[in-house]
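Take a look at the structure set out below.
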Amino acid sequence: MEQSIAIEMIDANMVRIDGGVVSMRDDRVQRQWQVELKPFCLSKFQVTQEIYKAIVGAEPATFVGARRPVENVSWYKAIEFCNIASDVAGLERVYAIGKDQDDVIVNKDANGYRLPTDAEWQFAALGGLSKPRYGEIEEIAWFKDNSSGKSQDVGQKAANPFGLFDVLGNVWEWCFDVYDAEVYGTYRVFRGGGWNDPERGCLATNRRRSHPTYGIDDVGFRLARNA
């Protein structure tokens with residue numbers, strides 16, 4: 001697949017999410033807070049292996065398949081993908097990465113591709129509902145009981161009310177945010193549950209973290225843009 005075709009596919013699958021207020025929580029420290037969001041765009045699908053290969057020329061996934069979500073991609077590799085895709089599309093990069101890899105500067109006004117924030121991801125995953133799961137688990141998610149121990153092609157399960165597929169299950173998704181700088185340093189948030197998680201792991205309110213240099217076989221990502 002050519003890069004230009006990959007960009008066309010990315011843009012065709014972007015969904016506009018109207019702004020709103022989302023209630024966040026961290027059960028680990030018994031903290032709750034609210035975030036007000038501006039409208040933003042989010043992809044219907046997790047970034048697939050065919051799209052990832054077309055943009056950056058790499059094939060890192062453990063479970064190989066063109067329409068399967070790319071995984072084994074670190075947080076740093078995910079934001080590098082965003083920057084390269086922005087270049088190909090003629091858009092302004094969102095991320096500037098310094099000599100020290102931990103030094104990532106965000107241009108919040110840029111029109112390029114980016115990772116969703118933690119709050120944007122949760123707001124989108126809820127789909128305007130108050131429940132942490134938008135349907136029966138078997139109908140909406142690939143998880144431990146039905147995945148056969150591997151990721152599956154995107155878009156086979158039912159979408160949420162915003163038209164987003166696989167926001168729960170299949171692979172977890174990197175968000176931009178640092179999880180807890182005081183306790184975990186540079187560890188970044190990922191959300192949504194994956195193919196190896198039990199039913200209780202696939203909730204729109206679950207938050208986990210990993211080091212931004214780690215690639216994991218059940219963690220991928222989904223693209224966002226400013227509206």
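Test of understanding: what is the full-extension gain from K99 to A12, defined as 0.36 nm times their sequence separation minus their Cα-Cα distance? Mind showing how you got there, number by number?
Numbers: separation 87, 0.36 × 87 = 31.32 nm, distance 3.44 nm.
Extending this stretch completely gives an extra 27.9 nm.
So what is the relative contact order for the range 76-158, in percent, with contacts set as C-alpha pairs under 8 Å and at least six apart?
Numbers: 71 pairs, mean separation 16.3, N = 83.
Relative contact order for the range 76-158 comes out at 20 percent.
Which aspartates and glutamates does K144 reach when only Cα atoms under 12 Å apart count, and residues fewer than 8 places away in its own chain are ignored?
Within the straight-line limit of under 12 Å, K144 reaches these aspartates and glutamates: D197, E199, D218.
Of R31, R68, R209, which is the most mobile in a GNM of the chain whose springs link Cα atoms less than 10 angstrom apart?
Looking only at R31, R68, R209, the biggest GNM fluctuation is shown by R31.
Mean shadow of the range 89-199, computed from the convex hull of its alpha carbons, in nm²? Don't skip to the answer; put the middle values down first.
Working: hull surface 36.6 nm².
Mean orientational projected area (the range 89-199, Cα hull): 9.1 nm².
What is the calculated FRET efficiency for T205 to A227, with r their C-beta to C-beta distance and R₀ = 22 Å, to the nearest 0.05? Let's see the in-between values first.
Details: r = 24 Å, r/R0 = 1.09.
Calculated transfer efficiency: 0.35.
What are the residues whose amide H is under 5 Å from the amide H of L37, where those residues sit 5 or more places off or on another chain and H is modelled from the backbone?
Under 5 Å from the amide H of L37 lie the amide H atoms of G20, V21, V22, each far enough along the sequence or on another chain.
Would you work out which of T62, V73, F123 lies farthest towards the positive end of the dipole of the chain? Charges go on Cβ: Lys and Arg +1, Asp and Glu -1.
Towards the positive end, the residue furthest out is F123.
Just W33, W121, W195 to compare: in a GNM of the chain, with alpha carbon springs under 10 Å, which one fluctuates most?
W33
For the chain, just list the percent of Cα-Cα distances falling in each 10 Å bin from zero outward, please.
Result returned by the calculation: 8, 36, 40, 15, 1.
Straight distance only, please: which lysines reach the Cα of K38 with their own Cα at less than 19 Å, same-chain residues fewer than 8 apart left out?
K108
Show me, for the range 129-142, the HN-Hα J-couplings you get by feeding each phi into the Karplus relation (A = 6.51, B = -1.76, C = 1.60, θ = phi - 60°), rounded to Hz, glycine and proline as x.
Rounded to whole hertz, the list is 9, 9, 7, x, 9, 8, x, 5, 4, 5, 8, 10, 9, 8.
Whole-Hz ³J(HN,Hα) for each residue in the range 181-198, computed from phi via Karplus 6.51 cos²θ - 1.76 cosθ + 1.60 with θ = phi - 60°, x for glycine and proline: what do you get?
Listing the rounded values in order: 4, 5, 9, 10, x, 8, 3, 10, 6, 10, 9, x, x, x, 4, 9, 9, x Hz.
Could you work out [θ]222 nm for the chain from helices alone, using -39500 (n - 2.57) per DSSP H run of at least four and dividing by all its residues? Round to the nearest 500 deg cm²/dmol. Let's see the in-between values first.
Working: 6 runs with 50 residues, N = 227.
Computed mean residue ellipticity for the chain: -6000 deg cm²/dmol.
Once you put a point 7 Å from the Cα of E59 and another 7 Å from the Cα of E36, both along the Cβ direction, what distance in nm separates them?
4.9 nm
Work out how much length R28 to K131 would gain on full extension: take 0.36 nm times their residue separation and subtract the Cα-Cα distance, in nm to one decimal.
Numbers: separation 103, 0.36 × 103 = 37.08 nm, distance 2.02 nm.
Full extension of this stretch gives 35.1 nm more.
Suppose R0 equals 30 Å. What FRET efficiency, 1/(1 + (r/R0)^6) with r the Cβ-Cβ distance, do N107 and V178 give to the nearest 0.05? Don't skip to the end; give the middle numbers.
Details: r = 18 Å, r/R0 = 0.59.
According to the calculation, E is roughly 0.95.
Under 5 Å between amide hydrogens, which residues at least 5 positions from T48 or on another chain qualify, with H placed 1.01 Å from N in the peptide plane?
Here V70 satisfy the definition.
Each residue of the range 143-152 in turn: what ³J(HN,Hα) in whole Hz from Karplus with 6.51, -1.76, 1.60 and θ = phi - 60°, glycine and Pro shown as x?
9, 4, 7, 10, 8, 6, x, 7, 5, 10
Can you give me the orientation-averaged projected area of the convex hull built on the Cα atoms of the range 69-137, in nm²? Don't skip to the end; give the middle numbers.
Numbers: hull surface 26.3 nm².
If I average the Cα hull's projected area over directions, I get 6.6 nm².
Figure the gain on full extension for M1 and S148 (residue separation times 0.36 nm, minus the Cα-Cα span) and round it to one decimal in nm.
On the way: separation 147, 0.36 × 147 = 52.92 nm, distance 2.84 nm.
In short, 50.1 nm is gained.
Under 10 Å, Cα contacts only: if you run a Gaussian network model on the chain, which one of K131, K53, K77 comes out with the highest mean-square fluctuation?
Checking each option, the largest mean-square fluctuation is seen for K131.
For R209, which sequence-distant residues (separation of 5 or more, or a different chain) have an amide H within less than 5 Å of its own amide H, given hydrogens modelled in the peptide plane?
When sequence neighbours closer than 5 places are left aside, the close amide H contacts are F190.
DSSP loop (so not H, G, I, E, B), at most 14 other Cβ within 10 Å: list which GluC sites (Glu not before Pro) in the range 123-227 pass both filters.
On the way: sites: E136, E138, E139, E173, E182, E199; in loops: E136.
Listed in order of number, the matching sites are E136.
What relative contact order, as a whole-number percentage, does the range 151-227 give when Cα pairs under 8 Å and 6 or more residues apart are counted? Show your work: numbers first, answer last.
Numbers: 130 pairs, mean separation 22.2, N = 77.
That works out to 29 percent.
Quick note: the coordinates plus some simple rules give every number you see, no bench work behind them. Keep in mind it's a predicted model, so treat the numbers as computed, not measured. Every residue, glycine among them, receives a Cβ derived from its backbone with ideal geometry; neighbour counts consider all protein chains shown.
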